[in-house]
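Scroll down for the structure; my scribbles are underneath it.
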Amino acid sequence: MKKNLIYMFSFLLVGFVLMSFNNNFQTGKYEELSKDGFKNLKILPKNISKDSLMSLMEGYNKALGVKCNHCHTMDKSSDKKHEKEIARHMIKFTNELNAKEFAPIGDQYKNAIECATCHRGSTKPMSDTKTFMESKK
């Protein structure tokens, strides 16, 4: 009986030590991230807030009908997935299109085009558009 209590107490002590190590690790990583900002931003502003970035990413998820892992690996700053480079190109394309073609019309049109304008929940908007256009013949 006494041995069982010693084993149980040792097990709980080890568990608490491991849990406290894990929490310190996560807190340290978050503090490092918030001090340095997000890593590997090439198109989006370097000083973007966490809320703004998360809102943009959720918008991309909905517009393309995907989850984060479509463009990202576990290391969010990694460039290993080609889809991430395509996304950067499309963000740049959309920003330039809005700035050059729509913003001059008026302030209310400066963000007229967005991902969902063409994608509409699909990663392959041209296939959907082609099918739609063929159905109209």
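Quick check on my filter: what residues within segment 78-112 are under 14 Å from ASN40 (Cβ atoms) and surrounded by fewer than 12 Cβ atoms within 10 Å (Cβ to Cβ)? LYS80, the sole residue that qualifies. Within segment 113-137, if we keep just the residues that are assigned to a helix (DSSP H, G or I) and acidic (Asp, Glu), the residue that is surrounded by the fewest Cβ atoms within 10 Å (Cβ to Cβ) turns out to be GLU134.
Taken over segment 57-73, the criterion of being closer than 18 Å to LEU41 by Cβ and loosely packed, with under 14 Cβ neighbours inside 10 Å is satisfied by GLU58, GLY59, CYS68, THR73.
List every residue pair whose Cβ atoms sit under 7 Å apart, with the two residues 6 or more apart in sequence or on different chains, where the first one lies in segment 107-125 and is without any contact (Cβ under 8 Å) to a residue 24 or more places away in the chain and closer than 11 Å to LEU97 by Cα and the second, anywhere, is basic (Lys, Arg) and in a loop (DSSP other than H, G, I, E, B). That search, which allows pairs on different chains as well, returns nothing.
Just checking, does segment 103-113 include any residue being among the aliphatic types (A, V, I, L, M) and closer than 18 Å to MET57 by Cβ? First the steps, then the outcome.
Pass one, segment 103-113, residues among the aliphatic types (A, V, I, L, M): 103, 105, 112-113.
Applying the additional criterion that residues be closer than 18 Å to MET57 by Cβ yields none.
For segment 103-113, residues among the aliphatic types (A, V, I, L, M) and closer than 18 Å to MET57 by Cβ: absent.
Residues of segment 39-85 being in a helix (DSSP H, G or I), touching a residue at least 12 places away in the same chain (Cβ under 8 Å) and closer than 18 Å to CYS115 by Cα, which ones? Spell out the reasoning first.
As a first pass, look at segment 39-85 and keep what is in a helix (DSSP H, G or I): 50-64, 68-70, 82-85.
Next, only the ones that are touching a residue at least 12 places away in the same chain (Cβ under 8 Å) stay: 50, 53, 56, 59-60, 62-64, 70, 83-84.
Result: LEU53, LEU56, GLY59, TYR60, LYS62, ALA63, LEU64, HIS70, GLU83, LYS84.
A short reminder: the numbers here are calculations on the coordinates, not readings from a lab. Bear in mind that the values here come from a model prediction, so they are computed numbers and not experimental data. Every residue, glycine among them, receives a Cβ derived from its backbone with ideal geometry; neighbour counts consider all protein chains shown.
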